[in-house]
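Beneath this line is the structure, given in structure tokens, with notes to follow.
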Amino acid sequence: MQKKVILAYSGGLDTSIAVGWLKERGFSVYAYLADIGQPINKAMVKKKALNCGVKKVIIEDLKGEFVTDFVIPAIKANAVYEEKYFLATALSRPLIAKGLVKAAKKLGAKYVAHGCTGKGNDQVRFEISVSCLAPDLKVVAPAREWSFKSREEQIDYAKKHHIPVDVTKRSPYSIDENIWGVSIECGILEDPWKAPPEDAYILTKSPKKAGSKTKVVAITFKDGVPVKLNAKKIKLPGLIEKLNKIGGECGIGRSDLVENRQIGIKSREIYEAPAASILIYAHKELEAIALDKETNHLKKELEKKYAGLIYDGFWFTPLKGALDEFINKTQEFISGEVKLKLYKGNIIALGRKSKFSLYSKKLATYGRGDIFNRKAAAGFIEILGLPYKLTGRRKK
């Protein structure tokens, strides 16, 4: 009796080879494809998977769930890994794992599989997510076990076993794309001394070629969630798509990062995330006027931890859930509008306003209308500095 396995399938070389590899080992393979906003021809991918020998192809449109359950928490948390990566790929993996688990339960499969390599982050993200959601499921990782040493060997295997793969349009880069951004690695990018060539980028113009005209955008938030663009209500997936286009035209959203992988090595990748860059920038500006000092400062510290948990594959863990509770509490008064100027790769704040703002011009001004009690400052400083007056005396 064949063993059923649900394979996270993309249609690329690795997952196509994985179908044949799994079948050789007695598995009955079912392909699972999640649409999270990547450019994809579903009919072609389905046909290709069936030609590879899968029993059934399951395709789910998860863009809405991705934005609602994964992107929105990332915006609220200002989630950026190592100050440059907006986590587009990392955010998608727990959702795909959730889909794999759901498909496995529906089909009565005891195995799920992925095409991730043995030194990447995605293997960790998939497998820890599966462990959290369905600890009894077994994970098969063909790319960690097969003996192929090069892409050419994989292509030879595909030809020998009549597995259809596209070898005529090979790119030197490995690219992962969804609605929140693009991750690009391999090729010349593996040399951190060399600048990324322009042909590596997909969404963004070079700031040099972005044109001399500025774009002004106004983003309205409600409880930390973007709800309007330029005063017009728009659902978040559409808002993200519009900002990806606007920001990309202005050269917004590029980053080049030598990052610390979960698996213990450093890697160099470039990223494109125009909408993410704009929305999180705007969100931070609104928090600056609506959060009190201590909450704002603690949140900034926890944002790094939160981004690290996403990057490392710990989306469904208790700690990440506990941080969500804190972050959601901080968003109760993050409603208002932020106006930004986009120009040649730069995002510049032009204004921010909120009915919940803690900024008081009467307290901040040095002009007429000042109501700040200056005399109170002396006593404040005296008490605040008292411990340090004592330590100063101790030194003598």
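Any residue at all in the range 292-305 that is of a type in the set (A, V, I, L, M, F, W, C) and in contact with a Lys or Arg (Cβ under 9 Å, 6 or more places away or on another chain)? Looking for residues that are of a type in the set (A, V, I, L, M, F, W, C) and in contact with a Lys or Arg (Cβ under 9 Å, 6 or more places away or on another chain), one finds none in the range 292-305, hence no. Modelled with pLDDT under 95 and in the same structural domain as Ile163 (by TED's automatic domain parsing), is that true of Ala49? Answer is yes for this residue.
Residue count for the range 223-254 satisfying the condition of being over 17 Å from Val71 (Cβ atoms) and crowded, with 16+ Cβ neighbours inside 10 Å: 7. Listed here are the strands (runs of 3 or more DSSP E) enclosed by the range 215-322 that have at least 2 residues being free of Cβ contacts under 8 Å to residues at least 40 places away in the same chain and not small (Gly, Ala, Ser): 225-229. If you go through the range 1-38 and keep only what is among the aromatic types (Phe, Trp, Tyr), part of a strand (DSSP E or B) and either modelled with pLDDT under 95 or within 22 Å of Ala88 (Cα to Cα) (or both), you end up with just Tyr32.
Answer yes or no as to whether Lys362 is free of Cβ contacts under 8 Å to residues at least 40 places away in the same chain, in contact with a Gly (Cβ under 6 Å, 6 or more places away or on another chain), loosely packed, with under 13 Cβ neighbours inside 10 Å and in a helix (DSSP H, G or I). Before the answer, list the steps.
Working: free of Cβ contacts under 8 Å to residues at least 40 places away in the same chain: yes; in contact with a Gly (Cβ under 6 Å, 6 or more places away or on another chain): yes; loosely packed, with under 13 Cβ neighbours inside 10 Å: yes; in a helix (DSSP H, G or I): yes.
Yes.
Mind telling me which of the residues Thr220, Thr204 ends up being β-branched (Val, Ile, Thr), buried (at least 16 other Cβ atoms within 10 Å of the Cβ) and closer than 23 Å to Lys76 by Cα? Result: Thr220 is the single residue among Thr220, Thr204 that is β-branched (Val, Ile, Thr), buried (at least 16 other Cβ atoms within 10 Å of the Cβ) and closer than 23 Å to Lys76 by Cα.
The values are calculated or read from the model by the stated rules, or taken from the named source; none is laboratory data. Worth saying up front: this structure is predicted, and the values here are computed from it rather than measured. We place every Cβ from the backbone using ideal geometry, glycine too, and count neighbours over all the protein chains shown.
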